[in-house]
Structure formats: C-alpha cells, structure tokens
Amino acid sequence: MTTSPTEGAGAERAGAGPVDGARSSPAARAMIFGTGLIGGSMGLALRQRGWHVSGVDTAEGVAARAVELGAISAEGVDTRADLVVVATPVHVAADVIFDILSSTEWNPRAVITDVGSVKGPLVASIDHPQFIGGHPMAGSEQVGLDGASGELFVGATWVLTPTATTDPAAYTRLRNVLADLGADVVALAPGQHDSLVAVVSHVPHLTAATLMALAADLGEEHAALLQLAAGGFRDMTRIAAGQPSIWPGICDDNAQAIVETLDLLIDALMAMRRRVADHDHASLLEILGRAATARRSLSDDSPPPEGLVEVRVPVPDRIGVIAEITTLATELAVSLFDIEIAHSVEGDRGVLVLVVDGQAAHALLDALTERGYRSSSTPMGPTR
C-alpha cells in the first residue's frame with residue numbers, strides 16, 4: 001500500500017468534526033487504509049463534516065472509485081493525517097499499524113484506530129498510546145464500496161478498547177469524532193469484547209449461514225422451499241449475504257470464544273429439541289416468553305436532555321485512567337453521551353467530565369467511590 005503522500009493543497013474546510021473538537025480550526029485530515037464498505041462509509045461521513053480524507057486500497061481501482069463516489073478526497077497516503085483508520089481485513093491490520101508507528105514520517109499526534117471485529121490479538125500486539133482498537137457494529141446487505149453510506153454509523157454501537165497504555169487525550173479525541181458521526185461509543189476490555197461479540201455477531205452470522213445453506217440444500221430436493229421463505233426466514237438469514245472472505249480470519253482470531261458460544265448454542269438447541277419432542281408446552285412457552293421479553297427490551301432510545309447528568313471525576317493525569325473509568329461505565333451498562341478531559345493548571349491532575357443517563361448516574365458514582373474517586377454530579381436541565 002505504498003503511494004505518494006497526499007499534499008495539503010485543496011484541503012477542505014472542516015465543519016463539525018476536527019479531531020480535537022475545535023470546529024473553527026483548519027480542515028482536519030484523515031487517512032483510511034481500505035476503502036470498502038466500512039472505510040468508504042467512514043470517508044463519506046467524515047467528508048460530510050468537512051474533513052479532508054485520503055485513502056488507499058490493495059484492490060485495483062477501488063480507491064479511484066472511492067474518489068469518484070466522494071468517499072475520499074484523494075487517493076494516496078497522507079502522513080499528516082490527524083486520524084488514521086485501518087479498515088483492512090483483520091489479518092492485515094497489524095502490519096499496517098506497525099508500519100505507521102515505526103515510521104518518523106507520520107504525524108506523531110495522529111490517533112490510530114482499526115475496525116476489525118476481533119480485538120484481543122491485535123490490541124495485545126500493539127502497545128502504543130496513540131492506538132485505540134475499534135469495532136463499529138454496523139453493516140449493510142450490500143458488499144463493498146458500493147454499499148458505503150455516510151449514515152451507516154448513525155445509531156450504531158462503536159466499541160473502543162482502551163488499555164492501560166492508552167493516551168486519555170487520544171481516546172477522547174477519537175471518541176468525540178465517532179460520536180459526531182452518530183455512533184453510540186462504548187468502551188470494553190479487548191478480551192471482554194471478543195467474548196461478547198462472539199455471542200451477538202460471530203455465532204449469529206455462522207448460524208444464519210448454516211441455516212441458509214441447509215435451506216439451499218433442501219431446496220435442491222424441494223423446489224418450492226425457497227419460494228416459501230417469507231419475512232421471518234429472510235430476517236434471520238439476512239446477514240448470511242455478507243462477505244464470506246473475511247470470516248476465516250475472524251474465526252481464527254476469535255476461535256476460543258466462538259467455539260465456546262457454539263457449544264452453548266448447541267446445548268440450547270438440544271434443550272429446545274427435547275421440549276418439542278416431549279410436547280413440553282409449559283417449558284416451551286416459558287422459553288419463548290422469556291426470549292420475547294428480552295427481544296423487546298432491546299432499545300436504542302436516548303433519554304431527553306433533562307434526563308442527563310454531568311458527572312465530574314477528578315483524576316490523576318496518567319495513562320490508563322480513561323480505560324479504567326470508561327470500561328467501568330460499560331460494565332455497569334451506563335451510556336456515555338459525552339466525554340471531556342479538563343486539565344488542571346498544575347499539570348498533574350485533571351477532571352474527567354462525563355454526561356450520562358440520570359437514572360444510571362448513582363450506580364456509576366457509587367462504583368467510582370468504591371475505587372477511590374471523589375466524583376460529583378449535576379443534573380443537565382433545559383436551562384443549562
């Protein structure tokens with residue numbers, strides 16, 4: 001992916017979204033490696049907010065097509081980028097990131113992130129304050145660049161995996177950029193992310209693919225079968241239409257969590273089989289009712305502004321504090337609607353300002369107190 005650096009002439013004026021949050025600053029610059037569905041969508045979203053976006057892709061003609069579609073401003077490597085997004089397959093991302101971090105040509109303040117769906121191995125191999133592993137939980141039935149949309153991340157969960165070495169300022173800048181794209185940003189430890197995503201993403205995809213393959217096989221014997229596939233079947237198997245080539249790498253990198261989850265699913269399906277075979281209506285109704293209740297509880301509704309609370313946490317100005325507090329909030333299911341770091345004039349301390357749902361604020365304050373933080377909260381009413 002070696003190409004000439006992009007020059008600064010013609011850079012676009014930044015609207016909402018410079019990496020440091022200063023909306024009146026000169027155009028913020030982003031560099032995207034891999035201009036497929038996610039990389040192309042990232043480029044479109046950033047450009048809509050005034051960023052100058054450069055990009056490259058290993059597939060011939062894809063980056064040039066991204067320029068035509070407006071997903072990137074220019075084809076090439078921009079070493080002056082404020083934000084670097086590595087949207088390559090998981091097994092390629094580490095090499096790209098290592099090359100950037102080992103070079104003196106790149107902007108030393110650049111925030112670097114990736115978009116892979118497995119975080120543990122990658123984050124463990126890259127110990128650098130400016131790198132924050134990331135995973136946007138977003139996709140499309142359309143594969144590749146032609147499915148890219150600047151609205152893809154609106155309302156989507158975007159996981160970040162800060163560690164003890166993560167620079168708090170780098171994390172905050174990245175988090176604010178992603179929130180500006182409309183994403184719901186949450187922080188998880190890398191290993192916890194991989195375990196959870198096996199349940200909500202990896203195994204569901206493999207399950208949908210297995211069910212779709214089964215239907216296709218049976219359809220060879222019963223021509224009417226696929227004609228009968230209506231809404232429920234189509235909804236359940238929609239994700240099976242995704243790009244197959246990325247899955248061997250995902251399964252390799254997250255094999256343990258995927259196998260453990262598959263074992264749990266197999267046990268659950270065997271239990272369901274017994275309910276049906278034994279005509280156990282009571283047990284069948286119980287599990288179906290529990291599943292229906294859990295499904296209805298999935299909600300992306302945000303509280304109104306008057307329901308938000310500002311939590312201020314005095315913190316030492318040290319590496320690791322941002323990871324500790326943001327992952328704590330995620331563990332408590334406390335959504336962070338905004339985050340800011342206010343540095344003190346003394347330089348060795350600061351205040352972490354979090355905006356959270358008022359109903360969840362007490363749980364977060366109690367947990368922070370247990371960990372030795374002296375935090376305070378202020379309701380954010382309509383007069384603020």
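Read-outs throughout are calculated quantities, based only on the coordinates presented, and are distinct from any laboratory measurement. Model, not experiment: these values are computed from the prediction. Note that each Cβ is placed from the backbone with ideal geometry, even for glycine, and that neighbours are counted across all protein chains shown.
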Yeah, region 85-213 with a ≥ b ≥ c from its alpha-carbon gyration tensor (a/c under 1.5 is rounded, else prolate when a/b outruns b/c, oblate otherwise) is prolate
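Determine the gain in length on full extension of the stretch Glu370-Thr210; use 0.36 nm per residue of separation and subtract their C-alpha separation, reporting nm with one decimal.
Values: separation 160, 0.36 × 160 = 57.60 nm, distance 4.61 nm.
Stretched out fully, the Glu370 to Thr210 stretch lengthens by 53.0 nm.
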Provide the packing ranking of 243-252, 182-191, i.e. peptides ordered by the mean count of other C-beta atoms within 10 Å per residue, highest first. 182-191, 243-252
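To the nearest 20 Debye, how big is the dipole of the chain about its Cα centre, given +1 on the beta carbon of each Lys and Arg and -1 on that of each Asp and Glu?
On the way: 25 positive and 47 negative charges, 153 e Å.
The calculation lands at about 740 debye.
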Label zone at His128, where the point sits 7 Å out along the Cα-to-Cβ direction: region 163-193 residues whose backbone N lies under 18 Å: 163-175
Just check the chain against the gyration tensor rule for me: Cα atoms, a ≥ b ≥ c as the square roots of the eigenvalues, rounded for a/c under 1.5, and otherwise prolate or oblate depending on whether a/b exceeds b/c. oblate
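Please sort by residue number the trypsin sites (Lys or Arg not before Pro) in region 29-97 whose DSSP state is loop and whose Cβ has at most 15 other Cβ atoms within 10 Å. Provide the component values of the computation, followed by the final result.
Numbers: sites: Arg29, Arg47, Arg49, Arg65, Arg80; in loops: Arg49, Arg80.
When the trypsin sites (Lys or Arg not before Pro) of region 29-97 are filtered for loop state and at most 15 Cβ neighbours within 10 Å, nothing remains.
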Show the residues, 5+ positions off or on another chain, whose built amide H is closer than 5 Å to the amide H of Trp158. Met137, Asp184, Val185, Val186
Go ahead and set up a Gaussian network model of the chain, Cα springs under 10 Å, then flag whichever of Ser201, Ser54, Ser73 fluctuates most. Ser201
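Counting only C-alpha contacts under 8 Å and six or more residues apart, can you give the relative contact order of region 139-296 as a whole percent? Show your work: numbers first, answer last.
On the way: 98 pairs, mean separation 34.2, N = 158.
RCO, region 139-296: 22 percent.
Do any GluC sites (Glu not before Pro) in region 56-98 lie in a DSSP loop with no more than 16 other beta carbon atoms within 10 Å, and if so, which?
Working: sites: Glu60, Glu68, Glu75; in loops: Glu60.
Hits after loop and neighbour filter: Glu60.
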Given the Cα-Cα distance of Ser245 and Leu218 and 0.36 nm per residue of separation, how much length would full extension add, in nm? 7.3 nm
Relative contact order (percent, whole number), the chain, Cα cutoff 8 Å, 6+ residue spacing: 13
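For the chain, what is the percent of antiparallel DSSP beta bridges, rounded to the nearest 5?
Values: 26 of 48 bridges.
Around 55 percent of the beta bridges assigned by DSSP in the chain are antiparallel ones.
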Work out how much length Leu228 to Arg296 would gain on full extension: take 0.36 nm times their residue separation and subtract the Cα-Cα distance, in nm to one decimal. 21.8 nm
